[in-house]
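All of the numbers you see were taken from the coordinates with simple rules; none came from a lab. Owing to the predicted nature of the structure, the values given are computational and were not obtained by experimental measurement. As a convention, Cβ positions derive from the backbone with ideal geometry for all residues, glycine included, and neighbour counts pool all protein chains shown.
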Amino acid sequence: SDWPYTQMPGNCMQTGYNCFEQIKASYALNLATGWFREDGTYHPALSHVIVINEPDLKLPGMHDPISFTRAVVSAIDGMLSAEEEAGLSGAPVNLTVTFAFGICTACQSGGWGDFAKPGLNQMVLLREAMLQPEVVGYSARNDLAACFRTRFTNSFNTQNPAQELNGLFFDAYDAQFPSTPVFIGEFHAAHLAQDQSAQLSTMMQIALTSTSLLGFAFFEFQVRYDKGGEELLFGTFGLGDEVLGSIRIGHRNFTVRCLVPMMPPVAQRQSARRGQCVKETGVQYVSAANWTFTLPRVSDADACCSSCQRSRRCKSWTWHRGKARDDHGWCVLRDERPAAGGEA
């Protein structure tokens, strides 16, 4: 969770990107509520723990690698202290930090950053900080170097096509990290103009032949409707029309629907080119809809149209342009069809 890193009162953004105390307390709760068994060993279902997902995008961002690396090493230090105080026995889990697939141009060149490869610069700097925490202005309480050598795994997320990854990443990674395994936490080339099954087949071949790649996770199981925008491209399944029942969580009732396979983004764009999406600029038709759904941060009318095509319930859509030039627009989906789709 990002809660102790960026959201809770007193988060580590407010303590100079020193996350030791926040993550020690948070991780101690995990250990006490099921991660440790009574004998002090880790639950056998756990093999790897992600310390944080994409710290290079939020602590505070790619422009300040010293800060996000200090946040990571101090968080790991806190986790090690939490383990010690909870009485760890037996084999520990491996730890990993999942970086974004961006080039860290602000990472110092030279001994640990002179590699213009996405994700790799961040990993090399983190290794340097685990071996010598003072390079990011941190004084460790535990042996971070031993942790890195014996129980650390690298990881990253990517939307790039599988056939690009050897040249963009793995060739250079194997030279830099000959003994440190790596995995892909989120893989999905959603904008690629070919069948995803070919992408998965290529990734499987890379995983089978690579000396460093442990595997990859296809992103993601279900559409995140709450995110909106291009995030709607990544779900393998979406919510269908068939209702199974309802469930109450907190003070709200939620409808439980069957899942349905989502149309691949390439098929959506091909359908749009065949004229199945009708756009009329400056027109918004009236529709007596019983169901509407608003998606925030939708970049253009084509993306709005694609969102409608991905929903079995949607029959018409309207995209609203943002008021400022750099504002994202928003998309409204409806279950009734007017005379035509519209763009406003």
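For the reader, a short list of remarks on this structure follows.
- Here the label points at T41 and A25, each 7 Å from Cα along the C-beta direction, are separated by 3.3 nm in the simple model.
- Between the Cα long axis of helix 301-310 and the first principal axis of the chain there is an angle of about 90°, rounded to the nearest 10.
- FRET efficiency estimate (nearest 0.05) - Cβ-Cβ, A32 to D2, R0 30 angstrom: 0.90
- Where labels lie 7 Å past Cα in the beta-carbon direction, separation of N142 and N11 in nm: 2.3
- Packing rank of 129-135, 154-160, where each peptide gets the mean count of other beta carbons within 10 Å, highest leading: 154-160, 129-135
- With a Förster radius of 41 Å applied to the beta-carbon distance between T211 and T255, the computed FRET efficiency rounds to 0.30.
- The long axis of helix 120-131 is offset from the longest Cα principal axis of the chain by roughly 30 degrees.
- Principal-axis tilt of helix 65-86 within the chain, Cα atoms, nearest 10 degrees: 70
- Spin-label model distance (nm) - N94 vs S179, 7 Å beyond Cα toward Cβ: 1.5
- Three-way shape call for the chain based on the alpha-carbon gyration tensor, with the a/c threshold at 1.5: prolate
- Lysines whose Cα lies under 22 Å from that of K323, excluding same-chain neighbours fewer than 8 positions away: K227, K279
- Exposure proxy order (Cβ contacts within 10 Å, fewest to most) of V256, V93: V256, V93
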